[in-house]
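Report on the structure given below.
The values are calculated or read from the model by the stated rules, or taken from the named source; none is laboratory data. Fair warning: this is a prediction, and the values are worked out from it, not measured in the lab. Positions of Cβ are backbone-derived with ideal geometry, glycine not excepted, and every protein chain shown enters the neighbour counts.
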Amino acid sequence: MGPASLPGRTGALLLLPIFLLGSCLFALWLWEGSPAFLISRSGGVSGEGANPEWWETEVSSLLSSPSAQAGSLSHPPTMPAVSLLDLSGRPVPVGSLVGHPLLLVNLLATWCTPCLREIPSLVALSRRTGGVVAVVGIVEGAEDRTVLVRIQKRYGKRFPLRLDPAMRFSAGLGVHGLPESFLVDSRGKVVSRVEGRVDWTDPRVVRYLKSFLAKKAGI
């Protein structure tokens, strides 16, 4: 290579930092602002590594007052009046889900590992409360049928699934991350929301849910 090739090489070296900076900014935009669903990084009310005193206070305030739900009141007071699908593709109106003393609606995706890891504790919660707290999973976006079959084979009716391929249900609730759960009373009113994965078998969560039921549902 002769001296004549140096200007071209110098220009390439000058463009390299610009390219790297642009790549970093683009990656940051995808991480922070992409319209696609993001796995919640805040952790919500998660027991994973959280300070016990802080965690107990957070759960208490979250489940006792709708005004403390994840710092936001932007979601509507009732579940969106849209149709979901069952696993056979038949329409299921959202209204058919309500009527339980307390319904825990869990939004998940088949590609979301924290969502899948949360399912066993959701099923256990319903069992420990004698079915008073009913649970239902709403699968957002495109689903992996293999994963759905595996979930149904393991849990069956203990964790019923509904599909929201167009993500109208989650959009109506202002959801930006998965997993996210909503507590719904017997009239279909959204009374609280929890962002991130939660261990629903934690005695503190069960205790607060029972207290919530006693105050809000009159049981």
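Residues that are within 18 Å of residue 78 (Cα to Cα), of a type in the set (Ser, Thr, Tyr), in contact (Cβ under 8 Å) with a residue 40 or more places away in the chain and not in a strand (DSSP E or B) are absent from the range 194-216 altogether. When residue 188 is tested against the conditions (1) of a type in the set (Gly, Ala, Ser); (2) surrounded by fewer than 16 Cβ atoms within 10 Å (Cβ to Cβ); (3) in contact (Cβ under 8 Å) with a residue 40 or more places away in the chain, the lone failure is (2).
Within the range 85-97, restricting attention to residues that are of a type outside the set (S, T, N, Q) and outside any strand (DSSP E or B), the residue that is surrounded by the most Cβ atoms within 10 Å (Cβ to Cβ) is 94. Restricting attention to the range 186-203, the residues being over 15 Å from the mean Cα position of the chain (by Cα) and within 15 Å of residue 126 (Cα to Cα) number 3.
The sole residue among 128, 187 that is over 19 Å from residue 97 (Cα atoms), at pLDDT below 90 and of a type outside the set (A, V, I, L, M) is 128. For residue 175, the criteria (1) free of Cβ contacts under 8 Å to residues at least 24 places away in the same chain; (2) part of a loop (DSSP other than H, G, I, E, B) hold in every case but one, which is (1).
Among the residues of the range 106-162, the ones that are in contact with an Asp or Glu (Cβ under 6 Å, 6 or more places away or on another chain), more than 30 Å from residue 214 (Cα to Cα) and not aliphatic (A, V, I, L, M) come to 2 in all.
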